[in-house]
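See structure below.
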Amino acid sequence: MTPLLSSFSLTTIASYLVCFILFLILLEQISYLVKKGSIPGPSFVLPFLGNAVPLVRNPTNFWDLQSSLAKSTPLGFSANYIIGNFIVFIRDTELSHKVFANVRPNAFHLVGHPFGKKLFGEHNLIYMMGQEHKNLRRRIAPNFTPKALSTYTALQQIIILDHLKSWVAKSQAQTNSIPLRILARDMNLDTSQTVFVGPYLGLKARERFEKDYFLFNVGLMKLPIDFPGTAFRNARLAVDRLIETLATCTEMSKTRMQKGEEPSCLIDYWMQETLREIEEAKLTGEPAAPFSTDAEIGGYLFDFLFAAQDASTSSLLWAVALLDSHPEVLAKVRAEVAGAWSPESNELITADMLRELKYTQAVAREVVRFRPPATLVPHIAAEKFALTESYTIPKGSIVFPSALESSFQGFTGPERFDPERFSDERQEDQIFKRNFLAFGAGPHQCVGQRYALNHLVLFIALFATLVDFKRDRTDGCDDIAYVPTICPKDDCRVFLSQRCTQYPSFPALQDLVK
């Protein structure tokens, strides 16, 4: 082949390649515009990437823009495009309920996390639907009875106190403020481990568990590049080890519950009921009860652990930030707690005392309304779905119902942090119940929401009573940051000091979980 012919061939190939790429770009734009139809959204999207760069650079601004677009028409939703995925953002509460209520094989599938199935597995509680999902939730229900929650309340307080003391010591040892995000996350991990599998996770096992959970947290925020040595592969292997450890805890709990001992943690309550079902199946000659193997339950325990981690951390941080910026609310909390409980009593806050703390409970609910931890709950449309009479969501779209947007609809003065809205007199939690979507709705509504709220109430009560605190205020410190749940932009930096004369002397944790 002559040089001239070779040059011509390369030029021709290059021309064809350019034309093909331009054709793909045109096809992509047409596809996006057809899917978007007349709903608000960008008129043009960057080829292949869409608006991924703005989303990664500043998630808060990106979702604020989607909200503004959704507000620009009476429709209550808007469109965008992210790396080959058409997305629909929903701010209208009733439309969000429509999505939550239609999680089924031929409608919406809950996503939870973009790479969740690769990390958690196909049979994760998040991805279950239909009767199988109902059956599992029914078996989980005994873990959150008043008696079970009372057991957890004692464990939670002991761990919260231990960590608060270390936070104060850390703050007093330096002149700068301390960021609470990582400290709160570690406290929540410690709490979850103890509440879920109490006596079955020894000291060495806890150390391994925390290392593996750290690897999981790192991999959670990385791209799913599953090669040896990558953060994602390390996370996936860590999840396998974590589930194996929790399965061993399940086996140990079954042995203990078979002896008729009293439950001391969540897995005990679960196994007490599971063993009863296994025995009934044996007596009737039926197959073994579903969801009863150690490996299965170990996987579901990990689901609980993940669900209880970042969301709870978010709420604790916003509680501190909002109490600091609303001293009148803080004063009322301190007065109410002082009327029901004293650190000098060296007694744990009982379930009865907790019920008396109605204003503190209202504060906790208002924190969750004002700053719902998981602001967006992504779903994938398995089939096209008629969202309204005028718009059908295309198959394969990622749909984002916004719990944050719903929280600022309906309520009286929704932009104001106002715990009194949840008082017996105003009862906005009942009047505007459909707008309170922080724990989701429909068949996948959070099964552990009472536990989560109890944890937040106990933290607020102990933190406000035992600690004096001051936010290290800087410009934008309370702006929303996505990590991936939301938290104050500065990780909630504070100065801490001991407020009480002496810390309460609670029972030893080991005595409660024996």
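The values are calculated or read from the model by the stated rules, or taken from the named source; none is laboratory data. Treat the numbers as computed from the prediction; the structure is a model and nothing was measured. Virtual Cβ from ideal backbone geometry, glycine too; neighbours counted across all protein chains shown. In case anyone asks, the SASA skips ligands and DNA or RNA and just uses the protein heavy atoms, side chains included. Shrake-Rupley method; radii C 1.70, N 1.55, O 1.52, S 1.80 Å.
Overall, the anisotropy analysis places region 268-397 in the oblate class: the square-rooted eigenvalues a ≥ b ≥ c of its C-alpha gyration tensor yield a/c not less than 1.5, with a/b not exceeding b/c.
Entry note, the chain: relative contact order of 21 percent, from Cα contacts under 8 Å with a spacing of 6+ residues. A simple count of charges around Ser171, restricted to other residues whose Cβ falls under 13 Å of its Cβ and scoring Lys, Arg +1 and Asp, Glu -1, yields +4. By definition, a body whose alpha carbon gyration tensor gives a ≥ b ≥ c is oblate when a/c is 1.5 or more and a/b is not larger than b/c, and region 408-514 fits this oblate description.
Taking Cα Rg over 2.2 N^0.38 Å as calculated from this structure, the corresponding entry among (i) 1.08; (ii) 1.04; (iii) 1.17 is (i).
As an exercise, use a Förster radius of 45 Å and the Cβ-Cβ distance of Phe23 and Lys282 to find the FRET efficiency, rounded to the nearest 0.05.
On the way: r = 65 Å, r/R0 = 1.44.
After rounding to 0.05, the efficiency reads 0.10.
Pairs spanning more than 23 Å between alpha-carbon atoms, out of Lys118/Lys489; Lys147/Lys254; Lys35/Lys71: Lys118/Lys489.
Taking every C-alpha pair closer than 8 Å and separated by at least 6 residues, the mean separation divided by the residue count of region 354-472 gives a relative contact order of 29 percent. For the pair region 166-187 / region 143-160, the C-alpha centres are spaced 25 Å from each other. Multiplying the residue separation of Phe227 and Lys118 by 0.36 nm and subtracting their alpha-carbon distance yields 37.9 nm. Accessible area of Val18 (1.4 Å probe, protein heavy atoms only, ligands and nucleic acids ignored): about 80 Å². Between Glu207 and Gln445, the distance separating the two model label sites (each 7 Å from Cα on the Cα→Cβ line) works out to 4.4 nm. The residues neighbouring Phe506, those whose beta-carbon lies less than 14 Å from its own, together hold a net charge of -3 under the Lys/Arg +1, Asp/Glu -1 convention.
Of the DSSP H helices in the chain, those that are both long (alpha-carbon extent of 15 Å or more along the helix axis) and hydrophobic (Kyte-Doolittle mean at least 0.5) are 3-36, 294-325, 449-466.
Of the beta bridges in the chain, as assigned by DSSP with both residues counted there, near 85 percent are antiparallel.
Calculated accessible area for the chain comes out at 46 Å² per residue, all protein chains present (probe 1.4 Å; ligands, DNA, RNA ignored). For region 168-265, what is the relative contact order in percent, using Cα pairs closer than 8 Å and at least 6 residues apart in sequence? Relative contact order, region 168-265: 26 percent. Would you list which lysines come within 16 Å of Lys117, measuring only between C-alpha atoms, while excluding same-chain residues fewer than 8 positions from it? Candidates past the 8-residue exclusion: Lys222.
Shown for the chain: the carbon plus sulfur share of the solvent-accessible area, taken with all protein chains present and a 1.4 angstrom probe, equals 58%.
One chain, two ends: Asn102 and Gln498. Fully extended at 0.36 nm per residue, the span grows by 137.6 nm beyond their Cα-Cα distance.
Mean residue ellipticity, 222 nm, helices only, the chain: the sum of -39500 (n - 2.57) across DSSP H runs of n ≥ 4, divided by residue count and rounded to 500, is -18000 deg cm²/dmol. The Cβ shell under 11 Å around Ala464 holds other residues with a net charge of 0, Lys and Arg each +1, Asp and Glu each -1. Relative to one another, the C-alpha centroids of region 16-94 and region 330-384 are positioned 37 Å apart. Using a probe of 1.4 Å, the accessible surface attributed to Phe432 totals some 50 Å² when neighbouring protein chains are kept in position. Solvent-accessible surface (1.4 Å probe) assigned to Phe120 amounts to roughly 30 Å².
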